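Trainee: Before I ask anything, here is the structure I am working with.
The values are calculated or read from the model by the stated rules, or taken from the named source; none is laboratory data. Treat the numbers as computed from the prediction; the structure is a model and nothing was measured. So basically every Cβ, Gly included, is an ideal-geometry build from the backbone, and we count neighbours across all protein chains shown.
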Amino acid sequence: GENTQGSKEKKRITYKGAPIRLSADFSTETLQARREWSDIFKALKDKNLQPRILYPARISFRYEGEIKSFPDKQKLREFVTKSPPLQESLKKALILEKRKKGERGHNPQTRETDG
């Protein structure tokens, strides 16, 4: 093994017996992405779907006995569209996410059409 310099504290975590190293610092990009998941994470947690954020910024959760994981909102949205129960739980979170990107003044009456 090579000698890596720097005093970043490494936590020793084993996964299926093999040690994996996690360095404590995340890029701003990763943190940003994780922040973006937070509403969705909360919604999933409310539904007991055991959400996890995977490195670097994927979200995964248990749905109908399977672990699903998504690299980004777009993929999650596509999946949710096909799963009415999930759509119900995540609708608010996904809509909120859309809103944040767009205009500041949000009023419930405006209809958003997706091209």
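Trainee: For region 51-68, which residues satisfy the criterion of being more than 14 Å from Arg34 (Cα to Cα) and touching a strand residue (DSSP E or B) at 6+ places or on another chain (Cβ under 7 Å)? Talk me through it step by step, then tell me what you get.
Mentor: Step one: of region 51-68, the residues more than 14 Å from Arg34 (Cα to Cα) are 61-68.
Answer for region 51-68, where residues must be more than 14 Å from Arg34 (Cα to Cα) and touching a strand residue (DSSP E or B) at 6+ places or on another chain (Cβ under 7 Å): Phe61, Ile67, Lys68.
Trainee: Something else: Looking at region 49-99, what strands (runs of 3 or more DSSP E) fall wholly within it and have at least 3 residues that are modelled with pLDDT of 85 or more, surrounded by 14 or more Cβ atoms within 10 Å (Cβ to Cβ) and not aromatic (Phe, Trp, Tyr)?
Mentor: Working: elements: 52-54, 58-63, 66-70.
Correct list: 58-63.
Trainee: Given (1) over 14 Å from Leu90 (Cβ atoms); (2) modelled with pLDDT of 70 or more; (3) surrounded by 10 or more Cβ atoms within 10 Å (Cβ to Cβ), identify the lone condition not met by Leu44.
Mentor: (1)
Trainee: With respect to the numbered conditions (1) part of a strand (DSSP E or B); (2) modelled with pLDDT under 70; (3) surrounded by 11 or more Cβ atoms within 10 Å (Cβ to Cβ), which one is the sole condition not fulfilled by Pro19?
Mentor: Checking Pro19 against (1) part of a strand (DSSP E or B); (2) modelled with pLDDT under 70; (3) surrounded by 11 or more Cβ atoms within 10 Å (Cβ to Cβ), the one that fails is (3).
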